[in-house]
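Structure first, commentary second.
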Amino acid sequence: MAAFSAVKIPPPQFTTVRSSSQRPGSSPVHFVHSSSAFNSISFGSAKSVRSRPLFAVTSGVVSSDKTKAASSSASNPAVTREVALELYEDMILGRAFEDMCAQMYYRGKMFGFVHLYNGQEAVSTGFIKLLNQSDKVVSTYRDHVHALSKGVPSREVMAELFGKTTGCCRGQGGSMHMFSAAHNLLGGFAFIGEGIPVATGAAFSAKYHHEVLKQSKPEGLDVTLAFFGDGTCNNGQFFECLNMAQLWKLPIIFVVENNLWAIGMSHLRATSDPEIWKKGPAFGMPGVHVDGMDVLKVREVAQEAIARARRGDGPTLVECETYRFRGHSLADPDELRKPDEKDHYSARDPIIALKKYIIEHGLASESELKSIDKKIDDVVEDAVEFADSSPLPPRSQLLENVFADPKGFGIGPDGKYRCEDPLFTQGTAQV
């Protein structure tokens with residue numbers, strides 16, 4: 001696509017590569033087609049992988065280069081009006097929802113740890129909006145926006161955060177454990193790495209139904225997306241599942257949301273090689289690094305990775321370099337990251353970038369985008385009102401989904417839940 005270029009991202013976290021013809025201090029730019037870039041790093045030798053510079057594929061919509069911006073504006077848009085507005089609305093929903101979560105948390109409506117997704121919306125939207133209903137998503141503790149992108153209603157997500165019975169997990173999951181069987185959201189997982197084996201199992205199930213049980217679909221295999229962060233990529237489950245997925249050619253995409261920090265640990269201090277995408281070719285699968293602040297580039301890479309998985313060509317590892325605009329959780333004062341680093345990424349806000357792209361390419365007007373903003377504000381306000389007015393779970397729900405047979409544990413000889421015994425909470429109930 002003429003509208004796109006592959007651009008080396010020059011933040012101080014990574015070693016920069018500059019051609020001899022470039023001015024010192026200028027951003028290193030390499031013009032390649034994203035598809036060829038995707039294929040070229042698929043099965044390279046270990047030597048070639050180590051020597052290859054780190055590329056981030058970006059549309060350049062936030063570039064200050066006026067010449068490139070003018071050239072981009074003159075070309076055909078990479079997406080249709082309908083797709084552009086769908087992407088914009090989904091990203092606005094994610095941002096507005098998370099901003100409201102911060103307000104509700106500080107007002108005492110939510111409890112425990114709440115991890116917000118602000119700044120990373122391009123990754124969720126770029127991948128999940130390409131999925132079919134039957135495709136699976138496995139998330140992390142930062143899972144609210146993944147749930148929204150997969151179609152879980154805002155009311156159900158907010159009610160779950162409020163701990164109400166109308167939540168997608170009837171109030172028993174909370175912020176870090178969003179789950180919806182109806183939407184094939186297979187859960188948020190509080191411990192890092194624990195969702196990757198679940199996602200790998202879901203992908204194995206899809207292949208087993210397709211090849212062994214002969215329950216094939218015209219569109220191909222169901223695809224599973226496994227989301228996780230850079231901190232997870234040093235854990236054993238990650239490597240074991242990469243091996244298993246490639247060995248069995250499972251229809252899964254491992255999506256690394258590399259926001260450069262694992263709580264307060266810099267990515268560069270925690271791993272011997274910060275270029276996570278290289279671990280894909282080490283197992284024989286494609287490894288791709290993409291600018292996670294650009295939804296159009298994320299979507300372009302996601303389309304190819306999902307198509308590969310759906311037609312049975314196996315897994316892909318995609319490293320999305322992104323950034324969270326808030327602390328690790330709402331309990332984090334966010335004092336470890338340097339102000340200039342925060343400023344660098346906040347200047348590349350993925351929503352502002354997409355909005356600029358839409359207007360420059362004549363896909364929608366400013367007033368049309370403002371109407372979407374207003375629509376989403378109303379949706380989020382309605383979700384809060386719904387959650388706040390919903391009932392709390394009854395005490396009898398306490399031990400549901402805990403024991404296969406709660407008799408002898410949570411249920412007494414009389415068949416009643418022990419938590420209904422007034423002495424239960426005092427620790428003096430008859431056992």
* For the range 189-295, what is the charge dipole size about the Cα centre, in debye to the nearest 20, if Lys and Arg each add +1 at the Cβ and Asp and Glu each add -1 at the Cβ? -> 320
* Distance (nanometres) between label positions extended 7 Å along Cα→Cβ at residue 326 and residue 273 -> 3.5
* Calculate, in nm to one decimal, what residue 235 and residue 388 gain on full extension: separation in residues at 0.36 nm each, minus their alpha carbon distance. => 51.2 nm
* Structure fact -> Over 24 Å (Cα to Cα) among 279/355; 150/355; 249/278 -> 279/355
* Structure fact -> Here the gain from full extension of residue 370 to residue 307, 0.36 nm per residue of separation minus their alpha-carbon distance, amounts to 19.3 nm
* What nm value, rounded to one decimal, do you get for the distance between residue 397 and residue 346 when each label is placed 7 Å out toward the C-beta? -> 3.8
* To do: When you have a sec, figure out the Kirkwood radius of the range 139-263 from all distinct Cα pair distances and drop it here in Å to one decimal?
  => 15.3
* Around residue 262, which amide H atoms from residues at least 5 apart in sequence, or from another chain, sit under 5 Å from its own amide H, with H modelled in the peptide plane? -> 267
* Amide hydrogen neighbours beyond the local backbone of residue 229, cut-off 5 Å, H modeled -> 257
* Structure fact -> Here the Kirkwood hydrodynamic radius of the range 325-407, Cα-based and in Å, equals 17.9
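Laboratory data are not the source of any read-out in this text; all were calculated from the coordinates shown. Everything quoted here is computed from the prediction, not taken from an experiment. No Cβ is skipped: glycine too gets one built from the backbone with ideal geometry, and neighbour counts run over all protein chains shown.
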